[in-house]
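Report on one structure; see the data block that follows.
The values are calculated or read from the model by the stated rules, or taken from the named source; none is laboratory data. The structure presented is a predicted model; accordingly, all values stated were derived computationally and were not measured. Note that we place each Cβ from the backbone using ideal geometry, even for glycine, and neighbour counts take in every protein chain shown. Protein only, heavy atoms only, side chains kept; ligands, DNA and RNA dropped before computing areas. Shrake-Rupley method; radii C 1.70, N 1.55, O 1.52, S 1.80 Å.
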Amino acid sequence: MATSIWIFWLLAFILLYTYAGYTFLLWITAKIYSWTRSTATNMESSAEELPAVTMVVAAYNEKAVVSQKIANINQLNYPPEKVFQLWVTDGSTDGTEEVLKDYPEVSIIHHTERLGKAEAINRAMKLVQTPVTVFSDANTIVEPNSLIELVKPLTDSKTGGVAGEKRILNSKNGNPTSAGEGIYWRYESFIKSMESATGSTISAAGELFAIKTELFTPIPPDTLLDDFEISSRIILGGNRVKYSRYAAASEYGSLNFSEEMKRKVRIAAGGFQFLFRNLQLLNPFPHPGYTFKYFSHKVLRWAFAPACLFLLPFFNAFIIAAESENPFYLLTLVILLSFFLLGLFGHLARNRKAIPHLMFLPYYAILMNISEIVGFFKFIQHKHNPKWDKSKRET
């Protein structure tokens, strides 16, 4: 009985720490940093002082959004003579390359064989000649001042990269998947901002991410999470990756929960790929700050939280079976069962758009944790593929 109670509290602690405790700890630490350290630096630059940047866009069958993306880049508040565009269209069969040829300001790399995004980035980086590289996706719209906000922190010699903010646009059709994804990314962005305020965030989203070009090192061609791999290498090389909420890229959410789960499973497989390739990062001595954030933000979420979520009700029920008069464990079981029942309701009503979107949050959270488990098995079965089919998104 005592063992079951200890396991129950261990599972509960891991869950609470992963999704709330770590965030609260970061917030407290960031407050202490702001009280004890001066962060006032003059990072304003004139147009003459702004560095030249190359925007690298890996695009597979993105013909439908090419013109919109190029127009978006050309309208950014940055000296146009200092913005270069390098598009990689490996394997595209829908005419993406042909559309790009209508834009003389765009440099194109094309290989008839689809080799995966990591390999596309490696090839593109060999041609970048500007001091700053900005990675962005073809289907995202970048806010006008984003390039300026990305290069500002790079004036610090200790900063090697800057992560922009990913935003999910409101669905035109009332899609509850977009609502869940939007809430998730607001939560994730807050964590990144707190990590940055306490030194360095540990990852960037590929939708918008700037690095000092000289710090790039080629990544394994089969890498699934190229943005995480690149940002981690910069940090482990002794530099920081800062976060800027004023540099933002927006896109619509996944078309439905099925498409969102497909995306989450791929991300989960990529997370386990990174974890098992870099087990030495769990050793806190070389990089204690990074290891702490990496373990708290990623490893617990990938490898431990899903098991905790699904095992917790069983241990709770076992405790009640042996100690039925304890009202506390009755209350916790009611809360857990209510959460899973709401998740079941969300699954059954996932195609009904009239239901308040907050009702789908338990379903989205459960889906995310199931995706971690499925992603793990895909990883160990070697069913992950760098040449993946992107999830369908609303337009």
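Please tell me if Lys383 is among the charged types (D, E, K, R), in contact with a Pro (Cβ under 8 Å, 6 or more places away or on another chain), surrounded by fewer than 18 Cβ atoms within 10 Å (Cβ to Cβ) and closer than 25 Å to Ser258 by Cα. Here the answer is no, as Lys383 does not meet what is asked. Scanning region 302-331 for residues being farther than 30 Å from Val265 by Cβ and part of a helix (DSSP H, G or I) gives a total of 10.
Considering every residue within region 256-279, establish whether at least one is within 16 Å of Glu195 (Cα to Cα), open to solvent by less than 20 Å² (accessible area, probe 1.4 Å) and in a helix (DSSP H, G or I). Checking region 256-279: not a single residue is within 16 Å of Glu195 (Cα to Cα), open to solvent by less than 20 Å² (accessible area, probe 1.4 Å) and in a helix (DSSP H, G or I). Within region 233-264, the residues that satisfy the criterion of being under 13 Å from the mean Cα position of the chain (by Cα) and closer than 29 Å to Leu281 by Cα are Tyr243, Arg263, Lys264.
Filtering region 319-338 to residues that are touching a Pro at 6+ places or on another chain (Cβ under 7 Å) and either open to solvent by 60 Å² or more (accessible area, probe 1.4 Å) or on the phi > 0 side of the Ramachandran plot (or both) leaves only Leu337.
For region 188-203, the count of residues that are of a type in the set (Lys, Arg) and modelled with pLDDT of 95 or more is at least one.
Scanning region 271-281 for residues that are within 25 Å of Ala20 (Cβ to Cβ) and modelled with pLDDT under 95 yields a single hit, Leu281. Only one of the numbered conditions (1) closer than 26 Å to Ile183 by Cβ; (2) in contact (Cβ under 8 Å) with a residue 60 or more places away in the chain; (3) of a type outside the set (Asp, Glu) is violated by Leu275, and that is (2). With the structure loaded, tell me whether Glu165 is part of a helix (DSSP H, G or I) and either within 17 Å of Asp227 (Cα to Cα) or free of Cβ contacts under 8 Å to residues at least 40 places away in the same chain (or both) or whether it fails that test. No, not satisfied.
With respect to being basic (Lys, Arg), modelled with pLDDT under 95, outside any loop (DSSP other than H, G, I, E, B) and open to solvent by 10 Å² or more (accessible area, probe 1.4 Å), Lys242 falls outside the description.
Listed conditions (1) closer than 18 Å to Leu150 by Cα; (2) part of a loop (DSSP other than H, G, I, E, B); (3) of a type in the set (D, E, K, R) are all met by Asp222, apart from (1). Determine, yes or no, whether Met43 is within 30 Å of Asn369 (Cα to Cα), open to solvent by less than 90 Å² (accessible area, probe 1.4 Å), among the aliphatic types (A, V, I, L, M) and modelled with pLDDT under 95. No: the conditions fail for Met43.
Whenever a residue of region 307-318 is open to solvent by 40 Å² or more (accessible area, probe 1.4 Å), its partners that are at pLDDT 95 or above and part of a helix (DSSP H, G or I), lying with C-beta atoms within less than 6 angstrom and at least six residues away or across chains, give the pairs Leu311/Leu11; Phe315/Ile7; Phe315/Phe8.
Taken together, the residues in region 345-364 that are surrounded by 13 or more Cβ atoms within 10 Å (Cβ to Cβ) and not in a loop (DSSP other than H, G, I, E, B) amount to 10. Being on the phi < 0 side of the Ramachandran plot and touching a Pro at 6+ places or on another chain (Cβ under 7 Å) is a description that does not apply to Val142. Scanning region 201-224 for residues that are open to solvent by 20 Å² or more (accessible area, probe 1.4 Å) and of a type outside the set (Phe, Trp, Tyr) turns up Glu207, Lys212, Thr213, Glu214, Leu215, Thr217, Pro218, Pro220, Pro221, Asp222.
Figure legend. Inter-residue proximity from region 2-24: first residues modelled with pLDDT of 95 or more and part of a helix (DSSP H, G or I), second residues exposed (fewer than 13 other Cβ atoms within 10 Å of the Cβ) and not hydroxyl-bearing (Ser, Thr, Tyr), beta-carbon distance below 7 Å, spacing 6+ or different chains. No pairs are indicated. If you go through region 85-106 and keep only what is under 16 Å from Asn122 (Cα atoms) and not polar (S, T, N, Q), you end up with Leu86, Trp87, Val88, Asp90, Gly91. Would you call Ser196 surrounded by 20 or more Cβ atoms within 10 Å (Cβ to Cβ) and either among the aliphatic types (A, V, I, L, M) or in contact with a Gly (Cβ under 8 Å, 6 or more places away or on another chain) (or both)? For Ser196, the condition - surrounded by 20 or more Cβ atoms within 10 Å (Cβ to Cβ) and either among the aliphatic types (A, V, I, L, M) or in contact with a Gly (Cβ under 8 Å, 6 or more places away or on another chain) (or both) - is not met.
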